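Undergrad: Could you have a look at this structure, given as structure tokens, before my questions?
A short reminder: the numbers here are calculations on the coordinates, not readings from a lab. Keep in mind the model is a prediction, meaning the values are calculated, not measured. All Cβ positions, glycine included, derive from the backbone under ideal geometry; neighbour counts span all protein chains shown.
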Amino acid sequence: MTIKLTVIGTGYLGATHAAAMAELGFEVLGLDISPEKIATLETGRAPMYEPGLDELLARHVAGIGGSSGRLRFTTSWQEAAAFGDVHFICVNTPQKHGEYACDMSYVDSAVESLAPHLTRPALVVGKSTVPVGSAERLADRITELAPAGQDAELAWNPEFLREGFAVEDTLRPDRIVVGVRSERAETLLREVYARPIAEGTPFVVADYATAELVKNAANSFLSTKISFINAMAEVCEAAGGDVVKLAEAIGHDDRIGHKFLRAGIGFGGGCLPKDIRAFMARAGELGAAQALTFLREVDSINMRRRGHMVELARQACGGAFLGKRIAVLGATFKPDSDDVRDSPALNVAGQIHLQGGQVTVYDPKGMENAARLFPTLEYAPSAIDAVRGAHVVLHLTEWREFRELDPAALGEVASERHLLDGRNALDPELWRKTGWTFRAMGRPQA
Ligand code: UDX
């Protein structure tokens, strides 16, 4: 049998997963409730910026000249149910407004829309990040709703992709984790992932709860690593130490490693902040709140970084923002993405604006999304335009373009030469050489 796949939800996760599965040779049908998103995808373009994704879509979306034609899209649940042997649920689970818990309504509604149409054997595979216990609840729901009864099954297969590397991470993952209840589900997933498995990707088989928890644990660990180094940055600043040197030195210990030890304005995005909060909320429901109280500290160290950057900017402005122009380089939560969800850079820009500063933002890819979220900020078409007339320049997202800027040329147009590096990614010597006062987070001043 040739396995046919559907991918439900075509956002960051789903669009990448659908294209990657077509690349692996499967016939894929992507479903989204947004006709606009589907219309964009049908032209072979992703609804967001992700390196390599447009090229992958163009290679496989049906109707595009020279494509494999293996990838199609629909908004019909009936069509999806009739098409797929395996249905990947890739919808998002955002943080609930004003609460720590995540909003499961998109996942619930995907399962409830699909299941009543499942008239033949099918495996529904959850990939979204969910509170532990969701898979068990959704498995019962599928059995209740699907005409195929026990032949419609559920598996959990968390996704670990990073934005900016989504294509690479999906085609060549570090590991594949599946939570299953039957041999049939395991066998089917081994077939779906046959190529990465053959290339040596570890395939971890677990129960539902463990599979769900692996994702929560991985994101908690990564967040903790970032907040740990940011806590060290606070101590370094108090003691006159250099956190960049410190991170390099501790990273030489293999048990610690060099990755995820870049101190700065902290983590943001659609995953880490909301995932650690949802994990705490779920642990509370399970009576295990105490086990995760450290995550509250991880979160608060992280949020403190944003306030600290605002404070450094205020000092550089001579104590008050009123009447000062502040250039902000970077709006996205990380480079190589247009995602501004919970972006530390935009949060800092917004705080300074609210406190009376005249903020001008430039970002290579995130301007449209940023302007939608913060329409009251000013936006410039280039870094040099943002810096023109500025009293202080803040480097808040470490795009390669910013590392390649010419400090002398920027110095010509700036009103004063103060640079604050919120990502520890610029070369202090290069900037200081051309007369800039350069201050970075957790590093000594010159
Ligand atoms: C993260 C996880 O890495 C991924 O496995 C999971 O599937 C989803 O969440 P992502 O949100 O794409 O991926 O970004 P990531 O590269 O992890 O960065 C998250 C944030 O941490 C960014 O704001 C980044 O700037 C920040 N960060 C990262 C640091 O501040 N310091 C570091 O050393 C590393």
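Undergrad: To check you understand DSSP bridge types, tell me what percent of the beta bridges within the stretch 4-206 (both residues inside) are antiparallel, rounded to 5.
TA: Approximately 5 percent, going by the DSSP bridge assignments.
Undergrad: With the contact rule set at Cα under 8 Å and sequence spacing of 6 or more, what percent relative contact order holds for the stretch 249-402?
TA: Relative contact order for the stretch 249-402 comes out at 24 percent.
Undergrad: Could I ask something else about it? Once you keep just the Cα pairs under 8 angstrom separated by 6 or more residues, what percentage relative contact order results for the chain?
TA: 11
Undergrad: Now for a different question. Please report how far the C-alpha centroid of the stretch 383-408 lies from that of the stretch 166-186, rounded to the nearest whole angstrom.
TA: The two parts, judged by their Cα centres, are 41 Å apart.
Undergrad: GNM on the chain, C-alpha springs below 10 Å: top fluctuator among Gly323, Gly63, Gly307?
TA: Gly323
Undergrad: Rounded to whole Hz and in sequence order, give me ³J(HN,Hα) for the stretch 389-400 from the Karplus expression 6.51 cos²θ - 1.76 cosθ + 1.60, θ = phi - 60°, writing x for Gly and Pro.
TA: So the J values, rounded to whole Hz, are x, 6, 8, 9, 10, 10, 9, 10, 9, 7, 5, 4.
Undergrad: Excluding Val243 itself, calculate the net charge of residues whose Cβ lies under 14 Å from the Cβ of Val243, where each Lys or Arg counts +1 and each Asp or Glu counts -1.
TA: +2
Undergrad: OK, next. Excluding Arg70 itself, what net charge comes from residues whose Cβ is under 12 Å from its Cβ, given Lys and Arg +1 and Asp and Glu -1?
TA: Summing Lys/Arg as +1 and Asp/Glu as -1 gives +1.
Undergrad: Counting only DSSP beta bridges with both residues in the stretch 104-261, tell me the antiparallel percent, nearest 5.
TA: If I count the DSSP bridges inside the stretch 104-261, around 10 percent turn out antiparallel.
Undergrad: Oh, and also: Which pairs, out of Lys225/Lys274; Lys37/Lys127; Lys96/Lys259, put more than 28 Å between their alpha-carbon atoms?
TA: From Lys225/Lys274; Lys37/Lys127; Lys96/Lys259, over 28 Å: Lys96/Lys259.
Undergrad: For a quick check of your reading of the filter: which GluC sites (Glu not before Pro) in the stretch 375-446 sit in a DSSP loop and have no more than 10 other Cβ atoms within 10 Å?
TA: Sites meeting the loop and neighbour criteria: Glu404.
Undergrad: Using alpha carbons only, how many degrees (0 to 90, rounded to 10) separate the axis of helix 183-192 from the longest principal axis of the chain?
TA: 60
Undergrad: Please give the peptides 107-118, 291-302, 200-211 ranked by average Cβ packing (other Cβ atoms within 10 Å per residue), highest first, as a rough proxy for protection.
TA: Ranked from most to least packed, the peptides come out as 107-118, 291-302, 200-211.
Undergrad: Follow-up. Using a Gaussian network model of the chain whose springs link C-alpha atoms within less than 10 Å, name the residue from Phe279, Phe374, Phe88 with the highest mean-square fluctuation.
TA: Among Phe279, Phe374, Phe88, the largest GNM mean-square fluctuation belongs to Phe374.
Undergrad: May I ask for the net charge around Gly84, where only other residues with Cβ less than 15 Å from the Cβ of Gly84 are counted and Lys, Arg are +1 while Asp, Glu are -1?
TA: -2
Undergrad: At most 13 other Cβ atoms within 10 Å and a DSSP loop assignment: could you name the GluC sites (Glu not before Pro) in the stretch 149-214 that fit?
TA: Glu199
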